[in-house]
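Chemist: Before I ask anything, let me first share the structure, which is written out below as structure tokens.
The values are calculated or read from the model by the stated rules, or taken from the named source; none is laboratory data. Given the structure is predicted, the values throughout are model-derived calculations rather than measurements. We place every Cβ from the backbone using ideal geometry, glycine too, and count neighbours over all the protein chains shown. Ligands, DNA and RNA are stripped out before the accessible areas are found, and what is left, the full protein with its side chains, is counted by its heavy atoms. Shrake-Rupley method; radii C 1.70, N 1.55, O 1.52, S 1.80 Å.
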Amino acid sequence: MASPMQSSILPANADSLAQALEAVNPNESISLLYHILEDTSSSSEALRIKEQTISKLSELLTQEKKAEELRSLLTQLRPFFSLIPKAKTAKIVRGIIDAVAKIPGTSELQISLCKEMVEWTRAEKRTFLRQRVEAKLAALLMESQEYSEALNLLSSLIKEVRRLDDKLLLVDIDLLESKLHFSLRNLPKAKAALTAARTAANAIYVPPAQQGTIDLQSGILHAEEKDYKTAYSYFFEAFEAFNALEDPRAVFSLKYMLLCKIMVHQADDVAGIISSKAGLHYLGPDLDAMKAVADAHSKRSLKFFETALRNYKAQLEEDPIVHRHLSSLYGTLMEQNLCRLIEPYSRVEIAHVAEMIELPFDHVEKKLSQMILDKKFAGTLDQGAGCLIIFDDPKTDAIFPATLETMSNIGKVVDSLYIRSARIMA
């Protein structure tokens, strides 16, 4: 195992490890740790020290953001893996892959590293490790929006894991499949995969973080079906799990809880949740964004709504889940405002409506034409004159439906009499 710095070898013992960790310069520590790994001793004590050395080396390389060195470390350690149990090998490999993930901007490197490890595990017949690395690879492919490749990988992996009945891994894979189908807007398959994950989770002990992930995904799917009350309860469960673990996903769960409150027109509750003990712990741009949206909704102001979207673009528009629901809410708010404004008129200039609602002319004209096509009100756009003409709601005369019903009943009577007469004649 070649050292990136010097060529001297340190014996794999506690003194050498302590010497490496006491070094002031991180690069010097890294160099000394590499020298410990060069020791060819394979005694149980030496192997234990080397495992600790690998753990410390991974931490230092992550701190120094040396992703390529972490990748080459995995390759260099392959001879060492043949000396230790497969379970320990799996722990080390997954640990180094997770360490690379902590370094920003390494998505492509992570994908290629996982593909390398899949090839190596397949050649070494390490099925347990290969399945977990493939699951990680599928997650990375999904994040990179390479959906078809991720789906193909998951399809074969799910069949294999179901045969082995590895419930814990099955929960991970089913959850991943649910997220993947949701990204592809295939809600029935996303729900089916989530149900499979819940079924597998009910048969085993699931770590709190994993249970929180299941609840978070459940909330997202219920919110997509406009069942915001059920979604809120799932997001609350996820928030409690992540909050107890100090998981960064807690703030997203809280953010989606506030979104549900806004969507069921309970925007006044948002301030109370934010000022609660749990909410105060997560104060920041995400909660400020939801508070701004809640204020705009309470005031039914499209101008404030657009200001919130503009000021908190990263928190609102770049979060696909929040953006999708807020787009729906924005459309509903705009329709309500327009209907209220045009109600007193039979003919009104579109420019005047745009001025009253404080939105661009083109935006208002497009929305009005859409509302007419959706039959939200009866009217037409006179684009030559730049006017909106509103018609009175046509009153349906009750005599026509009654006449049709009478004719239908007479037809049934005639048919019945014909059948009876045919039986008598026979």
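Chemist: Is there any pair with a first residue in the stretch 182-200 that is assigned to a helix (DSSP H, G or I) and a second that is open to solvent by 50 Å² or more (accessible area, probe 1.4 Å) whose Cβ atoms are under 7 Å apart and which are 6 or more apart or on different chains, and what are they?
Modeler: Once the first residue is assigned to a helix (DSSP H, G or I) and sits in the stretch 182-200, its partners that are open to solvent by 50 Å² or more (accessible area, probe 1.4 Å) give S183/Y147; A200/K167.
Chemist: Oh, and also: Any chance the stretch 365-386 includes a residue that's part of a helix (DSSP H, G or I), surrounded by 13 or more Cβ atoms within 10 Å (Cβ to Cβ) and over 37 Å from the mean Cα position of the chain (by Cα)?
Modeler: No; the residues of the stretch 365-386 include none that is part of a helix (DSSP H, G or I), surrounded by 13 or more Cβ atoms within 10 Å (Cβ to Cβ) and over 37 Å from the mean Cα position of the chain (by Cα).
Chemist: Looking at L109, L113, which one is surrounded by fewer than 21 Cβ atoms within 10 Å (Cβ to Cβ), farther than 25 Å from R162 by Cβ, modelled with pLDDT of 90 or more and among the hydrophobic types (A, V, I, L, M, F, W, C)?
Modeler: None of the others qualify; the one that does is L109.
Chemist: If we keep just the residues of the stretch 41-55 that are in contact (Cβ under 8 Å) with a residue 24 or more places away in the chain and not in a helix (DSSP H, G or I), which is least open to solvent (accessible area, probe 1.4 Å)?
Modeler: S41
Chemist: Could you pull out every one of the helices (runs of 4 or more DSSP H) wholly within the stretch 56-168 that has 2 or more residues that are over 30 Å from D39 (Cβ atoms) and out of contact with any Phe, Trp or Tyr (no Cβ under 8 Å at 6 or more places or on another chain)?
Modeler: Once the helices (runs of 4 or more DSSP H) in the stretch 56-168 are filtered for at least 2 residues that are over 30 Å from D39 (Cβ atoms) and out of contact with any Phe, Trp or Tyr (no Cβ under 8 Å at 6 or more places or on another chain), what remains is 107-124, 127-143, 147-164.
Chemist: Could you grab the pairs with beta carbons closer than 6 Å, sequence gap of 6+ or different chains, first residue in the stretch 330-359 and assigned to a loop (DSSP other than H, G, I, E, B), second one surrounded by fewer than 16 Cβ atoms within 10 Å (Cβ to Cβ)?
Modeler: Sorted first by the residue in the stretch 330-359, then by its partner, the pairs are E358/K303.
Chemist: Sticking with this structure for a sec: If you check L77, L37, which single one turns out to be touching a residue at least 24 places away in the same chain (Cβ under 8 Å) and more than 36 Å from the chain's Cα centre (by Cα)?
Modeler: Answer to the check: L37.
Conditions (1) surrounded by fewer than 16 Cβ atoms within 10 Å (Cβ to Cβ); (2) among the β-branched types (V, I, T), marked per residue:
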site	(1), (2)
E318	yes, no
V322	no, yes
S327	yes, no
L333	no, no
Q336	yes, no
I342	no, yes
S346	yes, no
E349	yes, no
M356	yes, no
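Chemist: Another question, then. Name the pairs: first residue in the stretch 226-238 and farther than 20 Å from P248 by Cα, second residue open to solvent by 20 Å² or more (accessible area, probe 1.4 Å) and among the β-branched types (V, I, T), Cβ to Cβ under 8 Å, at least 6 apart or on different chains?
Modeler: Y228/V264; K229/V264
Chemist: Same structure again: Can you name every residue in the stretch 139-167 that is without any contact (Cβ under 8 Å) to a residue 40 or more places away in the chain and either touching a Cys at 6+ places or on another chain (Cβ under 6 Å) or of a type in the set (A, V, I, L, M, F, W, C) (or both)?
Modeler: Result: A139, L140, L141, A150, L151, L153, L154, L157, I158, V161, L164.
Residues are listed down the side, and each one gets a yes or a no for (1) in contact with a Lys or Arg (Cβ under 7 Å, 6 or more places away or on another chain); (2) closer than 19 Å to I220 by Cβ; (3) open to solvent by less than 60 Å² (accessible area, probe 1.4 Å):
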{"site": "S148", "(1), (2), (3)": "no, no, no"}
{"site": "S156", "(1), (2), (3)": "no, no, no"}
{"site": "K159", "(1), (2), (3)": "no, no, no"}
{"site": "R162", "(1), (2), (3)": "no, no, no"}
{"site": "L170", "(1), (2), (3)": "yes, no, yes"}
{"site": "D174", "(1), (2), (3)": "no, yes, yes"}
{"site": "K179", "(1), (2), (3)": "no, yes, no"}
{"site": "F182", "(1), (2), (3)": "no, yes, yes"}
{"site": "N186", "(1), (2), (3)": "no, yes, yes"}
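Chemist: Here's something else I'd like to know. With respect to T75, determine if the residue is under 30 Å from L169 (Cβ atoms), open to solvent by less than 10 Å² (accessible area, probe 1.4 Å) and β-branched (V, I, T).
Modeler: no
Chemist: Test D268 against the stated conditions and say whether it is over 27 Å from S301 (Cβ atoms), among the acidic types (D, E), in contact (Cβ under 8 Å) with a residue 24 or more places away in the chain and touching a helix residue (DSSP H, G or I) at 6+ places or on another chain (Cβ under 7 Å).
Modeler: So D268 does not fit the description; no.
Chemist: Please pick out the residue among A150, A123 that is under 20 Å from the mean Cα position of the chain (by Cα) and among the aliphatic types (A, V, I, L, M).
Modeler: A150
Chemist: Given the condition more than 23 Å from the chain's Cα centre (by Cα) and open to solvent by 70 Å² or more (accessible area, probe 1.4 Å), answer yes or no: does some residue in the stretch 244-264 qualify?
Modeler: No, the conditions are met nowhere in the stretch 244-264.
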